[in-house]
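The block underneath contains the structure these notes are about, expressed in structure tokens.
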Amino acid sequence: MINTLDHLIVAVKDLDEAEKNYQKDFGIDPVWKGEHKELGTANSIFNFKNTYFELLSAKGEGLGAALVLSLIHISEPTRL
């Protein structure tokens, strides 16, 4: 059973677009935007009372970028 949740990470294609959409949904601005150059990722974080919500996108090359891109690919609907 899960008793606590430190944070939730959501992989996104377009960080800026996702950030704008979640700003509207949450009614708050992100508290942090950053890059993990060695991993090839960028993020935007929304802080809540007991957890935080992180948007993560590929930006460059690296292990993190490969993971984000593979997760996005898996979640896309198959088009015939």
Scanning the range 46-59 for residues that are open to solvent by 10 Å² or more (accessible area, probe 1.4 Å), under 8 Å from the mean Cα position of the chain (by Cα) and either aliphatic (A, V, I, L, M) or at pLDDT below 95 (or both) gives 56
Condition set in a helix (DSSP H, G or I) and in contact with a strand residue (DSSP E or B) (Cβ under 9 Å, 6 or more places away or on another chain), scope the range 1-30, selection nearest to residue 66 (Cα to Cα): answer is 15
Quiz item: Within the bounds of the range 31-41, is there any residue that is assigned to a loop (DSSP other than H, G, I, E, B), out of contact with any helix residue (DSSP H, G or I) (no Cβ under 8 Å at 6 or more places or on another chain), surrounded by fewer than 17 Cβ atoms within 10 Å (Cβ to Cβ) and free of Cβ contacts under 8 Å to residues at least 12 places away in the same chain?
Solution: no
If we ask which residues in the range 42-60 are farther than 20 Å from residue 72 by Cβ and not in a loop (DSSP other than H, G, I, E, B), their number turns out to be 2
Matching residues in the range 1-33 (among the small types (Gly, Ala, Ser) and within 11 Å of the chain's Cα centre (by Cα)) number 2
Taking first residues from the range 1-26 that are closer than 17 Å to residue 40 by Cβ and second residues anywhere that are open to solvent by 70 Å² or more (accessible area, probe 1.4 Å), the pairs with Cβ under 8 Å that are 6 or more apart or on different chains are 11/67; 11/71; 11/75; 15/59
Please tell me if residue 64 is surrounded by fewer than 14 Cβ atoms within 10 Å (Cβ to Cβ) and out of contact with any helix residue (DSSP H, G or I) (no Cβ under 6 Å at 6 or more places or on another chain). no
Scanning the range 68-80 for residues that are open to solvent by 90 Å² or more (accessible area, probe 1.4 Å) and either part of a loop (DSSP other than H, G, I, E, B) or modelled with pLDDT of 95 or more (or both) gives 77, 78, 79, 80
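The values are calculated or read from the model by the stated rules, or taken from the named source; none is laboratory data. Worth saying up front: this structure is predicted, and the values here are computed from it rather than measured. Methodologically, a virtual Cβ is constructed for each residue, glycine included, from the backbone with ideal geometry; neighbour enumeration extends over all protein chains shown. Areas reflect the complete protein model, heavy atoms only, side chains present, ligands, DNA and RNA absent. Shrake-Rupley method; radii C 1.70, N 1.55, O 1.52, S 1.80 Å.
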